[in-house]
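To start, I am sharing the structure in question, which I have written as structure tokens.
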Amino acid sequence: MVFTVYNMFAFVKSKFAAVWKAAQVELQGEYSSQRVHDVFKYINEASSLHVFLVQLLTPLPCLAITALVDLLPLRSVADGINSNKLFFVRAFTSFWLANTTTYNQFKHIVPQLPLSNTKIAGYGAVVAAITVSAMYGLTLAVGFPLPFSIITMSPIWLTLFVLPMAPWMVKSRKDSTAWPLVVTSLKVMVCQEVLVVVYPTYFYIFTTIPYRGKTYFALLLPLLKLVFRNAMAKTVGYLSDEVPEGVILNR
């Protein structure tokens, strides 16, 4: 009897520990000794002014690009598609930035991937142009603005995005070093695409359900985020140094 109770207590304790660890997903991963050494070296050698300027200036390019995209003026939706051509210019810019960022993400995960900065910029622009052209055609057929445009365009964008890398990916299946990294990069992209689909769908459902149900439905959001964070942590688990960054930037 005592042995059975002890086993039950040990089982509950292990499950509670697993749930607690999953809830603290940002703390998963381990910093390598080399990274810790580099941090201490930077602390000892960099001046306070240098550190301050790095922290101040590093986010500025991202903020500037985002601000420039948002500065493009948009007309009223009631004016129709012909009066909102800048909307598609804005969409092209957003897709191009997303493409270049994601190609760089692939390059970071798979160093063997033959993608130069020039190719990344060029592929990103071509994929963005074709995607926005398809969006424009669908908008003419369905109406402006295109409902759930990001979700609607995701299959087209994803197919176009992978095409430039597809021949090399097929060849990499014979490379025992590169192929696991390719699979990991695709898993990361799938996780990101799931977020793109789930969050707008969740928001749409939240806005349509009765007021009394909104409070209970809102409790689902933290659980969704926890599931997605753990999925991302397991996907990039081999990059133990970068698990916190990968989880936080894809939550």
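Computed from the coordinates by the stated procedures, all read-outs in this text should not be read as laboratory data. Just so it is clear, the model here is predicted, and its values are computed rather than measured. Reconstructed Cβ throughout: ideal geometry from the backbone, glycine too, with neighbour counts over all protein chains shown.
Could you sort 166-173, 71-78 so that the peptide with the highest average Cβ count within 10 Å comes first and the rest follow in order?
Descending packing order for the listed peptides: 166-173, 71-78.
Related question: Quick one: work out Rg over Rh on the C-alpha atoms of the range 72-169, Rh as Kirkwood radius.
Computed over Cα atoms, the ratio is 1.04.
Sort 207-215, 191-199 for me by packing, meaning the mean count of neighbouring Cβ atoms within 10 Å per residue, highest on top.
191-199, 207-215
Percent relative contact order of the range 72-169, based on C-alpha pairs within less than 8 angstrom and at least six residues apart?
Computed value for the range 72-169: 29 percent relative contact order.
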